[in-house]
1. For residue 168, which of the numbered conditions (1) more than 16 Å from the chain's Cα centre (by Cα); (2) at pLDDT 95 or above; (3) farther than 23 Å from residue 33 by Cα fails to hold?
2. Identify all residues within region 118-134 that are under 13 Å from residue 162 (Cβ atoms), buried (at least 18 other Cβ atoms within 10 Å of the Cβ) and out of contact with any strand residue (DSSP E or B) (no Cβ under 8 Å at 6 or more places or on another chain); write none if there are none.
3. Would it be correct to say that residue 143 is surrounded by 16 or more Cβ atoms within 10 Å (Cβ to Cβ) and without any contact (Cβ under 8 Å) to a residue 12 or more places away in the chain?
4. For residue 54, all conditions in the list (1) surrounded by 14 or more Cβ atoms within 10 Å (Cβ to Cβ); (2) touching a residue at least 24 places away in the same chain (Cβ under 8 Å) hold save one; what is the number of the exception?
5. Look through 156, 141 and report the one residue that is within 25 Å of residue 2 (Cβ to Cβ) and either within 17 Å of the chain's Cα centre (by Cα) or assigned to a strand (DSSP E or B) (or both).
6. Which of the residues that make up region 63-101 are buried (at least 20 other Cβ atoms within 10 Å of the Cβ) and under 13 Å from the mean Cα position of the chain (by Cα)?
7. Which residues, counting only those in region 103-114, are assigned to a helix (DSSP H, G or I) and in contact (Cβ under 8 Å) with a residue 12 or more places away in the chain?
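The values are calculated or read from the model by the stated rules, or taken from the named source; none is laboratory data. Just so we're clear, the structure is a prediction, and the values are computed from it rather than from any experiment. A quick note on method: Cβ atoms are made from the backbone with ideal geometry, for glycine too, and the neighbour counts reach across all protein chains shown.
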């Protein structure tokens, strides 16, 4: 499975890829995460890539056609061609063929810069590929102290919000 994470510099697209790959590994998969950016500045578009497989991953090439695109900033949806079967978008208003959640609203309750964790939790919930416990453990592994606690709270709040939405 191949995933592209698209955001703006400073939103945590690279950290999101690391969190997703670590969660996949803790769920029993092989995983690979890598960013693509040049001399970008804060706010410029950034992409990160994740591969998840139950077999060893031998390719290191950039992902051209993804199974999923996780988009941290809805303004990037139409700014470039996104070749993915499923798009998970940070938005309160989802266009056709997109799944998603208002990550900004959830993150603002706990930690405004945590939209990347909201989006990875949404990916885990919506796809069922990553176990929630693995994601929580990945938060403990990647973040330290209060940052780990805030990211764990974000995962819990995201799952809770998506369960409520599913019941409607």
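1. Failing condition for residue 168: (2).
2. We begin by selecting, within region 118-134, every residue under 13 Å from residue 162 (Cβ atoms); these are 118-128, 132.
Among the residues that remain, those that are also buried (at least 18 other Cβ atoms within 10 Å of the Cβ) are: 118-125.
Once the filter is applied, which keeps residues that are under 13 Å from residue 162 (Cβ atoms), buried (at least 18 other Cβ atoms within 10 Å of the Cβ) and out of contact with any strand residue (DSSP E or B) (no Cβ under 8 Å at 6 or more places or on another chain), region 118-134 yields 121, 124, 125.
3. Yes; evaluated as a whole, the condition is true for this residue.
4. Every condition holds for residue 54 apart from (1).
5. Answer to the check: 141.
6. Result: 68, 69, 70, 71, 72, 73, 87, 88, 89, 90, 100, 101.
7. Those that are assigned to a helix (DSSP H, G or I) and in contact (Cβ under 8 Å) with a residue 12 or more places away in the chain: 103, 104, 105, 106, 107, 109, 110, 113, 114.
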